[in-house]
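The numbers here are math on the coordinates, done by the rules we state, and not lab data. Computed from a predicted structure; not experimentally measured. Backbone-built Cβ (ideal geometry, glycine too); neighbour counts: all protein chains shown.
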Amino acid sequence: MLRVKRGCVAFLMLGLFARAAIGGPRKVIIDTDPGTDDAMAIMLALNSPEFDVRALTVVPGNVTAAQGLENALRMVSLADRCDILVAGGAQHPLFQKLVTAEFWHGKNGLANVELPPSKCKKDPRWGPDLIIEMVHANPHEITLVPIGPLTNIALAIEKDPSIVPLVKEVVIMGGSITGGNVNASAEANIANDPEAAQIVFQAGWPLTMVGLDVGDKTLLTRKHIEAFKKNPGPVSDFMYKVADFLIGLSEKFGETGTPMYDPLAVGVALDSTLVKAPAMHVDVETRGEFTRGETVANRRGANERNVLHHFPDGDRYVIEGLDKVEPNAKVCTEVNAEKFLQMFVSRIQGK
Ligand code: BDR
Ligand code: CA
């Protein structure tokens, strides 16, 4: 009996790792502003055999650049993964003052959980430079998963545009086509650096936008996180505390669960079948009076074309037809939330 069970476990493990082994695990760089849900996203990525997480590059957003770097280092240390490079990057958004979000993420950005000091050291390179170097060293192999403001990624593109065709794909947590979370129109990561976001969306690489539209549908509840208590360990204990803090916060606002914004971006990078993501052209509004930071998506794939006509009763434009608009992003519009949440919960437990 025992032999059969052992055989089954070995077979299952083999299956899991075989999936990752076809072509090897995918090389991933996570650009992050850690951040509670960033922490959950990072731990999901580290617990996924399909991924070979090469680096965390830190961007200011939820917390300052310095606090974010400290948090990233403590997290890789907690996970016993000093092999992952951790580098600081930009100190502030391109053209505006930084807005930090301790209000949502706790004083230290990590739900006020004091992780032990890191035994890992930071990489001396500047985050955008590290991205550039790694992309050139691994052409067509790097998946970028930015889960904070897009400042570092924009700086990397501006410094070396030749990286764009060499990146395998970019899966972003950011934006929304159905209204914002910082205000009526803008999502936080895009609102924190709209100019950077516009550079990244227009770069011309395969980009998937995992926005609020789907993040708001993936609510992690108390029921989900009970499993972490049954399988204690440094990472699942940390995840329990972070999730408990976030769910508590959601409860104050009348919700029963916390949206898994950043972890879902990692989830979609792991398994694109979790979402429906039609191709659209997305621009980032950088000037609007009410809409700065909005991701403006063309859902019909076309713009009307107007031509000026001279009529006796006055000149006016007349619609002549439609001009096709080329998509630049896959925009997630639907998600299999429960499948993703199960994936998250089981992987955090090392299953
Ligand atoms: C995004 O903003 C941050 O607060 C979260 O970490 C996430 O990346 C959600 O709007
Ligand atoms: Ca984030």
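A few remarks follow.
- Here is the list for the range 65-127: GluC sites (Glu not before Pro) lying in DSSP coil, each with at most 10 other C-beta atoms within 10 angstrom of its C-beta, are 114.
- When each of the peptides 133-142, 199-208 is scored by the mean number of other C-beta atoms lying within 10 Å of its residues, the order from highest to lowest reads 199-208, 133-142.
- The long axis of helix 337-348 is offset from the longest Cα principal axis of the chain by roughly 40 degrees.
- Whole-number percent relative contact order across the chain, with pairs defined as alpha carbons under 8 Å at least 6 apart: 17
- Taking each of 229/351; 97/122; 217/252; 276/339; 27/330; 230/339 in turn, the alpha-carbon distance tops 23 angstrom for 97/122.
- Label-point gap, in nm, between residue 318 and residue 137 - each point 7 angstrom along Cα→Cβ: 6.2
- Mean Cβ count within 10 Å, highest first, over the residues of peptides 27-33, 93-99: 27-33, 93-99
- Peptides 330-338, 71-79 ordered by packing proxy, namely the average of other Cβ atoms within 10 Å per residue, highest first: 71-79, 330-338.
- Counting only Cα atoms, the size of the chain along its three principal axes is 91, 48, 44 Å, in decreasing order.
- Under 5 Å, built H, 5+ apart or other chain: amide partners of residue 79: none
- Where labels lie 7 Å past Cα in the beta-carbon direction, separation of residue 122 and residue 302 in nm: 5.2
- Between the helical axis of 2-21 and the longest alpha-carbon principal axis of the chain there is an angle of about 30 degrees.
- Full-stretch length increase - residue 183, residue 310 - with 0.36 nm per residue and alpha-carbon distance subtracted: 41.5 nm
- If you sort the three axes of the alpha carbon gyration tensor as a ≥ b ≥ c, you get a/c of 1.5 or more for the range 186-244 and a/b above b/c, which makes it prolate.
- Two-site label geometry, residue 289 and residue 112: point separation in nm, points 7 Å out along Cα→Cβ: 4.1
- Whole-Å distance, taken between Cα centres, linking the range 53-77 and the range 224-281: 19
- 222 nm mean residue ellipticity, helices alone, for the chain (DSSP H n ≥ 4; -39,500 (n - 2.57); rounded to 500): -11500 deg cm²/dmol
- Paramagnetic reach from residue 253 in the range 85-118 [backbone N under 15 Å; point 7 Å along Cα→Cβ]: 101-106
- Relative contact order, percent, the range 160-278 [alpha-carbon distance under 8 Å, six or more residues apart]: 27
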